[in-house]
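Here's the structure we're looking at; comments come further down.
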Amino acid sequence: MKYKSQKIAYNFFTAAVLFFVVQVVVGLIAAAQFIDPDIFFLPFNIIRSLHINALVVWMLLGLMGATYYLVPEESETELWSPVLASLQFWATIIVVLLVVAGYVIMGLNPQANKIVLGTTLLNEGREYIEAPRWADILIVISVLVFLFNNFMTILKTKKWTSIQGVLLGGLTFLALMYLPGMFFTPSISKDQYWWWWVIHLWVEGSWEVIAGAILCFMLVKLTGTEREELEKYMYIEVGLVLFTGILGLGHHYYWIGTPSYWLWIGGIFSALEPIPLLLMVWDAFRIANKHEAKITNKTAKYYVVGHALLNFVGAGVFGIIHTLPSVNKWTHGTQITTAHGHLAFYGAYALLIIAMIYIALPEMRQVKEFNYKRGLVSFWTMTISMIFISLTLIGAGMTQTIMERMIGMDYISVKTSYNIYFWIFRLIFGFGFIAGVLIFVKDYFTLGKKPV
Amino acid sequence: MDKKSARNLFIWGSIFFFVVLVILTVDSMKQLDKRTPPITEQIAEGKMAWHKYDCIGCHTILGNGSYFAPDLTKTAENKQEDYLKKWLMDPRAIKPDAAMPNFGITEKEAEDLVALLKWTSKIDTNGWPPPPILAKAADAQAKELTPGQRIYQENRCSSCHSISGIGGTTGPDLSKVADRRDKDWVHKHFKNPQELVPGSAMPSFGHLSEEDLQALTDFIMTLK
């Protein structure tokens, strides 16, 4: 850590880690509800809203933390306004907690989600962007303040490195792509059309661009060399992400009422989406191997390489297996999607943010040497558990595809009888995953505090 | 390729693909109006209720949602309006072990939601969901069915009831129903289910001809 104001990142990382814990705890409850829907006092829809919203929140907080850490270092100056960053942090946390309270109230009394001024008060009832409209507006303001602060920092020294250019570009794209989710349309088809702009152009667009920039930053940090070369490959990677990802959006427009030309556009472009992810794997391995002697932060290296690899496997491979229309016609809306979602988010973003935390944390605590073992144990515990969670979901998804979609059996009978063992094993591996997360949390709060 | 040309390619390439997306979006919006039925005020209200109860927090529609409960795109094609209304207002009154709780959905909201589901069932979805292979095979074999089996199929009885594990789960399993009920009871029950089972959600099939009802009853009585 070169600049004092980078320390603001610590707040964001700590909040991200805590919401990560919330996400996996409610995930465990959701998994148990697949076996017994009445096992918890809140219904499944509320638990699931919490599960996927905690995910979005902790990842956004993590990306913000990463940005606040990265921008001063790249611009070679203190943050424009640490006070504003701190205010933005606490305001965001308060909004998020209010939204969470709203979900819980709605879980206890569904009628509390009143319709006020043509929109719902507590929960918008749209997957991933359940946060009500008033919270949407506050979140947009928070992101704008965050962007403003970082742009002003860059303007102080006008050192536009490629890394921060791509990072801020990706973040601006992220902010803009939140807007198509903020209006009501009476047509469910049009609703889903714009909703996918938000969801897809986030996770397969702007977030991957941000990931590309942060990956590049981490590789430069770890090895201290080849900046020019790495930045060139970063441009190629994030370029390919958008060239394939923007029209790859078409793979969500096969069956929602949209014209049939999307079958071709979506099929072709989304089949190409794994290519940039494979390039990132090659980049990470090449750099990590070539400069192995220079890399002292072994935990960070594991997470960086693990991120690149599982981004490719989870988002790329698990995506491409069901992205072609001829396959997707049968698998669309089954647990195959859930399997893909779990491994993709874990590989692409959870590992990315944890990697960035391991890059920043030793510097923030001002330790050169720390105990690497715990970080590696948590990496393997989480990763192996998540791979098995995804495999149980793939099993459930294949069973569902064959029995419900191809043979025509009832959804409920497939879910409650034929898939029950997959749910049980998923829950068991869920406990494994939470064990890995808790090891990571312990490491996060204690790393470098005791002399090695 | 040097860094600068990689950068320019990234910037201009991304802008190019985004412009293409915007053009396709303009066209898709126009075509969506033709590929979906017209929207009435009731359907719009239904969609508001859909959001209010966060239905997508468990169900999927057009295949998108939470994978915890059945996809609802074509539900209104298979199930009758009255039945759906009763289910929405109190699922566990119909099926005591249903996963869906009672959300306190009002009668008006239930009617609006059913209107919405009728609308979604008519969207041109490029043929999704495809008819299951077995269902297609069963259609091909329809000539070999007894008249009773054919009526059972035509009236989509299997969307609620199952026989030997095939069919829906919201109505009672009919696998061994002939052991429990006699012919007169079954025949009378088709005409007025609520008279024999107070509070039953089953719609009346009194509109079928006497001949068809007899054939259907005969088929049910073979289920031992």
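No value in this document is a laboratory result; all are computed from the given coordinates. Just so it is clear, the model here is predicted, and its values are computed rather than measured. Cβ coordinates were reconstructed from backbone atoms using ideal geometry, including for glycine residues, and neighbour counts include every protein chain displayed.
Side notes on the structure shown:
- Convex hull per residue volume in Å³, alpha carbons only, for the protein assembly as shown: 150
- Degrees between helix A:335-345 axis and first principal axis of chain A (Cα, 0 to 90, nearest 10): 10
- Using alpha-carbon coordinates, inclination of helix A:82-108 to the longest axis of chain A, degrees: 20
- Long-range amide H partners of A:Thr225 with built H, under 5 Å: none
- Averaged over peptide A:402-408, the number of partner chain Cβ atoms lying within 10 Å of each residue's Cβ comes to 5.
- Signed unit charges on C-beta, dipole axis of the protein assembly as shown, positive-most listed residue A:Ser413, A:Ile424, B:Asn102: A:Ile424
- Averaged over the residues of B:11-19, the number of partner chain Cβ atoms lying within 10 Å of the residue Cβ comes to 5.
- Percent of Cα-Cα distances greater than 26 Å, calculated over region A:1-160: 36
- Rounded to the nearest 10 degrees, the inclination of helix A:133-157 to the longest alpha-carbon principal axis of chain A is 20 degrees.
- FRET E, pair A:Leu117, B:Lys108, Förster distance 35 Å, beta-carbon r, rounded to 0.05: 0.95
- By the helix-only formula, in which each DSSP H run with n ≥ 4 contributes -39500 (n - 2.57) and the sum is divided by residues, chain B has a 222 nm mean residue ellipticity of -15500 deg cm²/dmol.
- Order by protection proxy (mean Cβ within 10 Å, highest first), peptides B:147-158, A:253-264: A:253-264, B:147-158
- Helix-only CD estimate at 222 nm, as mean residue ellipticity for chain A, using -39500 (n - 2.57) per DSSP H run (n ≥ 4): -23500 deg cm²/dmol
- Put simply, when B:19-27, A:302-310, A:211-219 are sorted by average Cβ atoms within 10 angstrom per residue, most first, you get A:211-219, A:302-310, B:19-27.
- Gyration tensor analysis over the Cα atoms of region A:354-452 returns equivalent ellipsoid semi-axes of 42, 11, 8 Å (largest first, whole Å).
- Dipole magnitude of region B:48-184 about its Cα centre (Cβ charges: Lys, Arg +1; Asp, Glu -1), debye to nearest 20: 220
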